[in-house]
1. For the list (1) free of Cβ contacts under 8 Å to residues at least 40 places away in the same chain; (2) farther than 22 Å from LEU414 by Cα; (3) of a type in the set (A, V, I, L, M), I need the number of the one condition that VAL184 fails.
2. Checking the condition closer than 24 Å to LYS68 by Cβ and not basic (Lys, Arg), which residue from ILE200, ILE192 passes?
3. Look through the range 138-194, keep the residues that are surrounded by fewer than 17 Cβ atoms within 10 Å (Cβ to Cβ), acidic (Asp, Glu) and at pLDDT 95 or above, and return whichever of them is farthest from SER457 (Cα to Cα).
4. Go through the range 403-424 and count every residue that is assigned to a strand (DSSP E or B) and open to solvent by less than 10 Å² (accessible area, probe 1.4 Å).
5. Enumerate the strands (runs of 3 or more DSSP E) found wholly within the range 19-133, keeping only those where 3 or more residues are out of contact with any Cys (no Cβ under 7 Å at 6 or more places or on another chain) and of a type in the set (Phe, Trp, Tyr).
6. Take TYR31 and decide whether it is over 24 Å from SER396 (Cα atoms) and buried (at least 20 other Cβ atoms within 10 Å of the Cβ).
7. Could you look through the range 425-440, keep only residues that are part of a loop (DSSP other than H, G, I, E, B) and modelled with pLDDT of 80 or more, and pick out the one that is nearest to the chain's Cα centre (by Cα)?
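The values are calculated or read from the model by the stated rules, or taken from the named source; none is laboratory data. Please read these numbers as outputs of a predicted model, since none were measured by experiment. Here the Cβ positions follow ideal geometry from the backbone for every residue, glycine too, while neighbour counts run over all protein chains shown. What goes into the accessible areas is simple: the full protein's heavy atoms, side chains included, and nothing from ligands, DNA or RNA. Shrake-Rupley method; radii C 1.70, N 1.55, O 1.52, S 1.80 Å.
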Amino acid sequence: MYFGCSDTKVPNRNLRPEQNKNHIISLAELYSYIKEYSPFLNDGILNNLNEKYFELSNKIMYESDKYKIYTYFEELLAVINDGHSAVFYEKGSNSPFYFLPAGADYADGKYYLSYKENNIEIPLGSELIKINDEDVKKYLLNNIAKYIPVKTPHAFENSMIKRLLYSSQNKKIKFTFVVDKNEVNLELKYSIPSEKIGNIKFNKIPDYYDKLNKIYSSHNFSIYNIKEKYSLIQIHNFLDYHIIDEFIEKIIPLIENSAHLILDIRKNSGGNSSIGFAIIKILTGKTDTEISSIDIKNFQRQLTPFLITLAAIKDKNLKAVNHDTLKKLSPFIKDGRVMKTHQLLMPVKEDEILQQIDDFFMKNNEMEELEKKLVFAANKCKIENKNITVFTSYKSGSACDDFACFCKELNIRLIGTHTKGATGNIGIFNLTNNFSFSISLQKTMYNGMAINNKGVSPDIFIIDTIEDIKNQNDPCLHFVLEGGY
């Protein structure tokens, strides 16, 4: 179905609407999925969603630029203010995203040069004050904010400057920096293909911890001896249950003699909340603890993340599923596939069978083994008397939001900024045009308050400045070592 004509200026009237058929259908699919499953909808957001959808459905009819088409999906998804959501470009095709040869970041209300190619002479850490001759914040609000799904203070500003770093090929942009109290302009072009950006060795500002005594490093953890009886553990992610094995076998022996533990999740990429909870249980010895103040509100209609990916689970874990279970799953797998195509609700008996499915997978996945491991580790190590502090930031989202809740509940000190405020079990949907997107299916509450777009507040608020970053001064670590807490 196509929508009527619009007064909106379109870039290419020679392009027939049927040539964009898949994109038109997919935008409608995205709109439908949002209305069906987002837990954050209210009257105001619904009105904005409807207006934005009809605006973009008219634009997309005649749009030939692949990058712009992608941004229309970003715009529509951003309307619901779900910081956990994202749009993914189609797999197996050439990406339309091109990056700048320099990067910027955010710190305490200001923006600065964070990395650059060798031929750029402006010093790292120089403050960025204008973009295309306009105040940075104003420019970002006018041009970038519409793509940003998270609205938590600081996380919103940080996400905007990160989103600015890629655009369509050869588009130009002008940055103005302050260098030795003078304004210096830098004209840049979006020229680096997304598939090559990871292979370029940029000049970067050294990290806080580059000057500290690192005693262990892996994809998941970095361990530092700070001073006598003080150990700092950077937890880089909560992605894989095998992290618990590594924590028990590799990390615990390194921290057994430390009376003070600092857990740093400021740059953690998130993952599975159960992993963070397991680490906290091991470190505190409170293996029976349940967090009653954390409430996962299931606002979507019957569907659960489990059922969304049911077909994928069957295909991936076929050997782990017995014949009787497959017979029970078969009608739901079929319904799940139909639902993904036509946005249909599940059958009335879903709740009853869902419990059977959940029970089966809980008994056969790694959760049960995880519980055994953490109880064994906590009892063996008996490290419950250690003083624990956790560093958080506005970049700490997803499972890190939940991790901060666990710490709050167990009276573990949080120092830094509030977390990103972007959590909730996600579903991932494929669209007709081979794009896909993720969306929160649940609303997480702590002590009766929603975390979304608020984050979890620290006990002591400390945010780093540009000078801290340039000088490798970690104000959170300095606060702890100086006896501030």
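1. Evaluating VAL184 over (1) free of Cβ contacts under 8 Å to residues at least 40 places away in the same chain; (2) farther than 22 Å from LEU414 by Cα; (3) of a type in the set (A, V, I, L, M) leaves (1) as the failure.
2. ILE192
3. This residue is GLU187.
4. 3
5. Once the strands (runs of 3 or more DSSP E) in the range 19-133 are filtered for at least 3 residues that are out of contact with any Cys (no Cβ under 7 Å at 6 or more places or on another chain) and of a type in the set (Phe, Trp, Tyr), what remains is 110-116.
6. Against the criterion (over 24 Å from SER396 (Cα atoms) and buried (at least 20 other Cβ atoms within 10 Å of the Cβ)), TYR31 qualifies.
7. PHE435
The rows are residues; the columns are (1) touching a residue at least 40 places away in the same chain (Cβ under 8 Å); (2) of a type outside the set (D, E, K, R).
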position: LEU164; (1), (2): yes, yes
position: LYS174; (1), (2): yes, no
position: ILE223; (1), (2): no, yes
position: SER231; (1), (2): no, yes
position: ASN272; (1), (2): yes, yes
